[in-house]
Amino acid sequence: MSKVRIRKVLKRGTFAEFMDGAPSRRDGEKLLHSLSMIARGNLKKDIHKEKVMNDMRYSVGLYNKYILANEMLSGSGKREKAFKAGGHKQMNHRRGTDGWFLSMFVLEVRAFDNYLLPLIVVALNSVLASILSEVGEYEMANEILKQWDEVFSVVLRTALAFLLVFRLNRCAMRFWEARGLWGNLTHITRNLVGGLLMYGSHARADRDQAIRWAASFCVAAMHFIRSEHEFNFEELSGILSHDQVNKLQDADHSPLYAASMIRYHLKRIFKIDQTTPPQLAYSYAVQMNTLEQHVTNLIAQVSGMEKIRSTPLPVAYVTHLRTLLFLYCLVLPYVWVKDWGWVTCATVPFTAFALFGIEGVSSEVEIPFDRRRPNHLALDAYCLVIQNSVQGLVVHDANIDMQGVDADDAAEHQNGMA
């Protein structure tokens with residue numbers, strides 16, 4: 001077959017162009033080998049060859065027998081597009097690893113809206129202090145200034161430093177704890193799906209349904225923790241049907257609903273009755289307990305996220321910090337204006353910006369699940385990674401099954417020849 005004709009076959013996605021009748025799996029693999037030899041010379045370095053081969057297999061219909069793999073591959077483009085559109089705030093903004101100046105000259109990620117109003121009040125107050133001093137010739141008594149430098153300033157600076165550092169540290173810990181929970185969700189889902197593929201092949205229908213609900217768990221968790229009650233159907237394209245997505249989003253606790261559906265199909269996969277041999281029943285019980293532990297761990301991660309969302313820092317602590325910080329910045333211009341004059345209009349707002357910014361950043365990352373905040377966790381990206389991992393495991397299992405069938409056919413053919 002010529003290279004030009006192979007490209008035509010790949011473009012049309014059918015075998016009818018080069019052979020009469022339905023193709024065998026071995027003929028399909030021969031075609032894929034020819035296609036891969038051509039493709040390898042044109043692949044970019046950043047494209048995985050395995051992904052290209054899977055796309056080729058899908059385009060020529062080799063996954064038609066493997067319904068789950070075929071449907072997940074068919075919906076992968078829609079899912080990727082939906083997640084990138086929904087999570088563009090987190091996926092497309094500047095990162096701290098982009099370099100000094102690229103990360104410095106950005107506005108949206110600074111969370112100005114968390115402290116803009118008190119910053120404006122402090123700036124106006126510094127203008128008022130400068131006018132009173134330079135135009136009205138008002139001056140604070142030297143004794144008051146001396147007491148400020150020796151007592152109040154030291155005490156306030158120490159207290160503010162402690163309060164700000166503690167608040168930022170606690171909020172940063174909450175941010176990283178939330179990120180760790182999503183990391184756990186990723187590897188637990190991978191282990192669950194891997195176990196289902198390994199030990200559930202004797203009940204493919206229920207196994208595939210359990211995998212579908214496992215792949216949808218992360219999406220349910222994302223919308224639940226964001227308090228979003230409407231799902232984007234394309235986020236689960238090729239995984240759940242529209243009816244299943246409707247039931248999932250209508251549930252009071254969508255992650256628990258997805259987990260209950262996983263358990264329902266696990267029970268059917270490893271069903272034990274009076275006719276089950278004792279050795280097989282024991283094996284089923286062991287695998288059921290192992291996979292059930294994975295489901296339990298999935299729910300534990302969502303519970304950890306609920307704890308972070310529903311338990312911010314005590315309001316008494318936040319109130320005390322903000323009151324002390326605000327009053328400190330209000331007093332500053334009247335102390336500095338004698339030495340700085342009109343420059344106080346710039347130095348005080350800059351100082352307030354530095355202090356308020358720390359508190360604003362702390363408030364920004366305290367509950368990091370909002371879709372509209374660029375500093376919050378990229379949950380859409382995490383869901384895309386999880387679903388791509390599940391798709392990769394499912395497709396790889398189908399590829400192994402194809403190779404196993406071909407090996408069995410070859411062995412039978414050799415035995416027949418003998």
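The values are calculated or read from the model by the stated rules, or taken from the named source; none is laboratory data. Every value quoted in this text rests on a predicted model; they were computed, and no experiment measured them. Here Cβ is always computed from backbone atoms with ideal geometry, including for glycine, and neighbour counts include all displayed protein chains. The accessibility values were calculated without ligands, DNA or RNA, using every heavy atom of the protein model including side chains. Shrake-Rupley method; radii C 1.70, N 1.55, O 1.52, S 1.80 Å.
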Given the Cα atoms of region 317-410, and with Rh set as the inverse mean 1/r over their pairs in the Kirkwood sense, what is Rg to Rh to two decimals? 1.52
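Take Asp380, Asp113 and sort them by solvent-accessible surface of the protein heavy atoms, 1.4 Å probe, largest at the top.
Most to least solvent-accessible, the answer reads Asp113, Asp380.
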At most 11 other Cβ atoms within 10 Å and a DSSP loop assignment: could you name the chymotrypsin sites (Phe, Trp or Tyr not before Pro) in region 61-129 that fit? Phe105
Which whole-Hz couplings ³J(HN,Hα) result when phi for each residue of region 386-398 is put into the Karplus expression 6.51 cos²θ - 1.76 cosθ + 1.60, θ = phi - 60°, listed in order with x for Gly and Pro? 4, 5, 5, 5, 4, 4, x, 5, 5, 5, 5, 4, 5
For region 211-228, in residue order, the Karplus 3J(HN,Hα) values (coefficients 6.51, -1.76, 1.60; θ = phi - 60°; whole Hz; Gly and Pro = x) are 5, 4, 6, 5, 6, 8, 4, 5, 5, 4, 5, 4, 5, 5, 6, 8, 6, 9
How high is the FRET efficiency between Ser303 and Lys338 when r is their beta carbon distance and R₀ equals 45 Å, given to the nearest 0.05? 0.20
Grab the eigenvalues of the alpha-carbon gyration tensor for region 242-297, scale each by 5, take roots, and send me the semi-axes largest first in whole angstrom. 29, 13, 6
If you take the alpha carbon radius of gyration of region 208-312 and divide it by 2.2 N^0.38 Å, what ratio comes out, to two decimals? 1.23
Expressed as a whole number of Å, what is the distance separating the alpha-carbon centroids of region 191-253 and region 156-186? 32 Å
What accessible surface, in Å², does a 1.4 Å probe find on Arg263, ignoring ligands, DNA and RNA and rounding to the nearest 10? 80 Å²
Based on Cα positions only, what radius of gyration and what Dmax would you give for region 294-360, in angstroms? 20.4, 67
A correct Stokes-Einstein calculation for region 330-376, using the alpha-carbon Kirkwood radius, 10 °C and 1.306 mPa s, returns a whole-number D in µm² s⁻¹ of 126 µm²/s
In sequence order, calculated HN-Hα J values of region 179-186 (Karplus, 6.51, -1.76, 1.60; Hz; x Gly/Pro): 5, x, 5, 6, x, 5, 4, 5
Pop a pseudo-label 7 angstrom from the Cα along the beta-carbon direction at both His320 and Leu117 and give the gap in nm to one decimal. 2.4 nm
